[in-house]
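First the structure, in the form of structure tokens, and then the observations on it.
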Amino acid sequence: MAWRLVCPRCGFRGEESRYYHRCPRCGSPLEFEGERPRYGRLLGEGSTPLVYRETPLGPIGFKLEYVNPTGSFKDRGTAYSLQLARDLGYRCVVEDSSGNAGISTAAYASFLGLEAVVAVPRTAAPSKKSIIASLGARVVELDSREEAAKYAEAMAGRCFYVAHSVSAAFLEGMTSAGREVPEGSAVVVPSASFSLFLGIWRGSGGKVRLYAVQGVQNATLRGLVEPIAVGSGSTSSLADGLVLPSAPRAQEAADAIRRSGGGLVLVSDKEIAEATRDLWSMGLMAEPTSASAYAALKLLREVGVDVGGFIAVLTGSGLKFYDLVSRIRTLT
């Protein structure tokens, strides 16, 4: 049976083998129906190491998503999405991103011979914008994350919109991560769009306990889930990967938290900076957004949760933030 995309919310059913980045009727996330496309690894994404360290919190597992080809977990979803774009006959792809999704899109598009346009907020890290451009993509700078999303949405008519925060194709690519964590694990995931969070949930068959980590400034789960622990500061600007104005899959993520028996932790710059320093001291070259997972573990421990044996997902490489990480290590 050929696949189609359908909307669980309003009942929309797309044409067979036609891609929609979101429901054209109500704007909600779509789901695959039928035999969805199957793709193998493209640039070596996935199968990332799970390593353990003895820490002051006890033995902690670290899922090293930053060793994916372009240095972040986004490669899993991008590889699937762009192979689908190629097979559907698209010649160009577009994405809005604060950095990692844009880098991933640019790299995979280059490999597949597709034109890439990446819309970024002006506040995105200069190092990430430079990498995106160096990979051959056209970088379009907008005033805000919201404006970047609007720009990409406007191009969706002629280009394949990767749309990592909402696309069913991107989420399908993320499910491989859930098949790589031990059944019954407690997994702590930095979460903005929830693609990795829900990919782990779906890929594991719902057989893990999930803790979402968000910044105190940009918590899209606020109001849906009561936080277990909250950081002591009022800002979380260090974690640029957690800045997303809206998350279409937030309700689904909240449901997964409840069903899994996990929780929500909100972190601030103070905890993120300290956790970044701690991880680099362990030889784990994670970016500040990734370090929010370890920061969350420390906060959970403070409120009485035994976090020994938990798995922290380190989502992106700190080598893209060398200057920032150096400053963090000096100041903390």
Considering each residue of segment 221-261, count those that are surrounded by 22 or more Cβ atoms within 10 Å (Cβ to Cβ) and not aliphatic (A, V, I, L, M), and give that number. 4
Inter-residue pairs, beta-carbon under 8 Å, first touching a residue at least 24 places away in the same chain (Cβ under 8 Å) and in segment 272-286, second of a type in the set (Lys, Arg) and part of a helix (DSSP H, G or I), 6+ apart: Glu274/Lys298; Thr276/Arg329; Arg277/Arg329; Trp280/Arg329
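Rundown of residues vs (1) at pLDDT 95 or above; (2) crowded, with 19+ Cβ neighbours inside 10 Å; (3) within 17 Å of Ala177 (Cβ to Cβ), yes/no style:
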{"position": "Arg25", "(1), (2), (3)": "yes, no, no"}
{"position": "Gly40", "(1), (2), (3)": "no, no, yes"}
{"position": "Glu45", "(1), (2), (3)": "yes, yes, yes"}
{"position": "Thr48", "(1), (2), (3)": "yes, yes, yes"}
{"position": "Gly61", "(1), (2), (3)": "yes, yes, yes"}
{"position": "Glu65", "(1), (2), (3)": "yes, yes, yes"}
{"position": "Asn68", "(1), (2), (3)": "yes, yes, yes"}
{"position": "Ser72", "(1), (2), (3)": "yes, yes, yes"}
Result of the Cβ filter at 8 Å on segment 68-94, keeping first residues that are touching a residue at least 40 places away in the same chain (Cβ under 8 Å) and in a helix (DSSP H, G or I) and partners that are open to solvent by 10 Å² or more (accessible area, probe 1.4 Å) and polar (S, T, N, Q), at least 6 apart or interchain, is Lys74/Asn100; Arg76/Ser176
Which residue is most open to solvent (accessible area, probe 1.4 Å), if the candidates are limited to segment 279-329 and must be farther than 17 Å from Tyr52 by Cα, assigned to a loop (DSSP other than H, G, I, E, B) and at pLDDT 95 or above? Val303
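Within segment 6-16, identify whether any single residue is open to solvent by 70 Å² or more (accessible area, probe 1.4 Å) and closer than 18 Å to Ala85 by Cβ, and answer yes or no.
Just the residues of segment 6-16 that are open to solvent by 70 Å² or more (accessible area, probe 1.4 Å), to begin with: 8-9, 13, 15-16.
Add one more test, that the residue is closer than 18 Å to Ala85 by Cβ, and what stays is 15-16.
Yes - at least one qualifying residue is present in segment 6-16.
The values are calculated or read from the model by the stated rules, or taken from the named source; none is laboratory data. As the structure is a computational prediction, the values presented were derived from the model and not from experiment. Neighbour counts run over all protein chains shown; Cβ positions are idealised from the backbone, glycine included. Side chains included, ligands, DNA and RNA excluded: accessible areas come from the protein's heavy atoms. Shrake-Rupley method; radii C 1.70, N 1.55, O 1.52, S 1.80 Å.
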